[in-house]
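Where a number appears in this text, it was derived from the coordinates with a stated rule and is not lab data. None of the values given here were measured: they were computed from a predicted structure. Note that we place each Cβ from the backbone using ideal geometry, even for glycine, and neighbour counts take in every protein chain shown.
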Amino acid sequence: MVFTTHIFIFYFLPLFLLVYFNLPYTWRNCWITLASYVFYGWWEPWFVCLMLFTTLMDFFWGRMITAPRATPARRKLALAACVATNLSFLGFFKYYMFSAESLNRLLELAGAEPFSILKVTLPIGISFYTFHSLTYNIDLYRGHARPARSLLDFSAFVALFPDLVAGPIIRYKTLAAQLACREHTLSRFASGTAIFILGFGKKILLANPAGQVADAVFNSAHPYAVDAWLGVLAYALQIYFDFCGYSDMAVGLGRMLGFEYLKNFDAPYRSESITEVWRRWHISLSSVLRDYLYYPLGGNRLGPFRTYVNLAVVMLLGGLWHGAKWNFLAWGAFHGLLLGYERWRGKQSFYGRFPRPLRIGITFLLMLCSWVLFRADNLSAAMAYFKAMAGLQIHAPASLLVAAEIYTPLNIVVLILGAGLVFQPIQAHDWVVARPQSWGRTACLIPLFVFSLLVMFSQSFNPFLYFQF
């Protein structure tokens, strides 16, 4: 199920809230779990079976890790089994076809007969709920978290529908106390509603129209240089407002239910270096990669060379986490090289002495280049797109049709508005939660919500980009 559909807005959410707030407190986690399984199984019912199995498995590993009489060797074995089983599921569903197709290409180059490849459907959100379970058991092993009080609490944590399929990546230790006891107030519900409306508007009014421009240009064989630059700018706006909008909706829904999530984006396009970008973009993923991969590899404690290697490994795996494509590895390598270079300069970019607006502009330009790698269908298409940006493409007559499709008054207004919003300092999340919330502020957003709903009904189905990751 998708937040930006009439099924969720008019049926699922009202019914869920009606039952939730009329249940005794002790039954609410059970209702969250049941409703979240319905929410997740709306696409494909068998996805629910996989999530249920991994939930039971990870709860079992957690019990083994924290068993009173468990020896250090047994705890380590249980953690190793947990990591191996989770990564095996993730690796099969997410990377089997990529690995098999790559191996077939090598066989064909060697003159051998390729083998048949099993078609595997990627369960939506598997990367996110796998990380939830993995971080839970790693934190138990490190002594950074207490085990879940019951299977019901752990199931509610894994399946919690606001952040289930596209994050943010929530750690159990963050929600443990809230799963046991959380406060429900009108002001918190009102602020959650306000954040949800703002995220909903970002997705419907900004991300989706920007995505139409990006798709038109990236799907064009030979765009003009100005069209190519406009297309990658549109994609930069699309992926930001799409993912930030989802995160805002998740935070808002969480607050409606009494949960307090951390902000997942902090004006990333206002960053002055790539190092700063990764403190502002997808904050929950950045912190997970840092705490569960970069630090265990040694971080910056083993000398400069090892630090650069660790950064490269983390970003390569971070790219691969987004999907089984060589593009994502190239995207990760691009960011890894820039992060390593800035670390070599003392976390300073080569343009660190430039005026601040110029530092922001150059960082954004580097981000645009990385988004080409992220968005293109393959590396060949990415290289062709870079050539188009440089004006080196031979243009086809269809290029004129693309220009007529993208340079409409509505598209121009959306892109200008979106570009203005990503560079201004006021964040929607901060605007809502920085001061005591009242229903008056939420009521001011009702016209925005109504308008967004009307626009939603005029759009074709457009799921969130991060569903595929």
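Would you work out if the stretch 6-182 is rounded, prolate or oblate? Take a ≥ b ≥ c from the square roots of the eigenvalues of the alpha-carbon gyration tensor; rounded if a/c is under 1.5, else prolate when a/b is larger than b/c, oblate otherwise. Oblate.
One decimal place: the segment Leu77-Phe457 gains 131.6 nm when fully extended, by the rule 0.36 nm per residue minus the C-alpha distance. Evaluated at q = 0.05, 0.09, 0.11 Å⁻¹, a Debye calculation over the C-alpha positions of the chain (equal weights, vacuum) places log10 I(q)/I(0) at -0.20, -0.66, -1.00. Output the pairs from Lys94/Lys347; Lys263/Lys347; Lys94/Lys203 with a Cα-Cα distance over 30 Å in this structure; if there are none, say none. Beyond 30 Å: Lys94/Lys347. Since only Ala194, Leu160, Cys181 are under comparison, the one whose Cα sits farthest along the positive direction of the charge dipole of the stretch 115-220, derived from C-beta charges on Lys, Arg, Asp and Glu, is Cys181. Residue-wise HN-Hα couplings along the stretch 287-300, as the Karplus relation 6.51 cos²θ - 1.76 cosθ + 1.60 with θ = phi - 60° gives them from phi, are 5, 5, 4, 5, 7, 10, 9, 5, 5, x, 6, x, x, 10 Hz; Gly and Pro carry x. If the segment from Leu152 to Arg279 were pulled out straight at 0.36 nm per residue, it would be longer than the present Cα-Cα gap by 42.3 nm. Among residues other than Asp139 with Cβ under 10 Å from its Cβ, the summed charge is +3 (Lys and Arg +1, Asp and Glu -1).
What separates the Cα centres of the stretch 279-333 and the stretch 69-142 is a distance of 18 Å. The residues neighbouring Asn310, those whose beta-carbon lies less than 12 Å from its own, together hold a net charge of +4 under the Lys/Arg +1, Asp/Glu -1 convention.
Working from Cα pairs under 8 Å separated by at least six residues, relative contact order for the chain is 19 percent. Normalised by the number of residues in the stretch 250-345, the average gap of Cα pairs under 8 Å and 6 or more apart makes the relative contact order 20 percent. Note on the stretch 6-182: dipole from Cβ charges, positive end direction compared against Phe131, Met97, Pro114; the farthest Cα belongs to Phe131.
Membrane-span-like helices in the chain, defined here as complete DSSP H runs extending at least 18 Å along the helix axis by their C-alpha atoms with mean Kyte-Doolittle hydropathy no lower than 0.5, are 45-65, 186-201, 225-256, 304-322, 356-375, 409-423, 446-458; this is a sequence and geometry rule, not a statement about a membrane.
Using the Cβ-Cβ distance between Leu262 and Phe354 with R0 set to 30 Å, the FRET efficiency from 1/(1 + (r/R0)^6) comes to roughly 0.40.
Calculated [222 nm] ellipticity per residue, helices only, for the chain: -21500 deg cm²/dmol; basis is -39500 (n - 2.57) per DSSP H run with n ≥ 4, divided by all residues, nearest 500. Rounded, prolate or oblate for the stretch 75-178? Axes are the square roots of the Cα gyration tensor eigenvalues, ordered a ≥ b ≥ c, and the cut-off for rounded is a/c under 1.5. Prolate, because a/c is 1.5 or more and a/b exceeds b/c. Net length available on complete extension from His144 to Leu448 is 105.2 nm, with 0.36 nm assigned per residue and the Cα-Cα distance removed.
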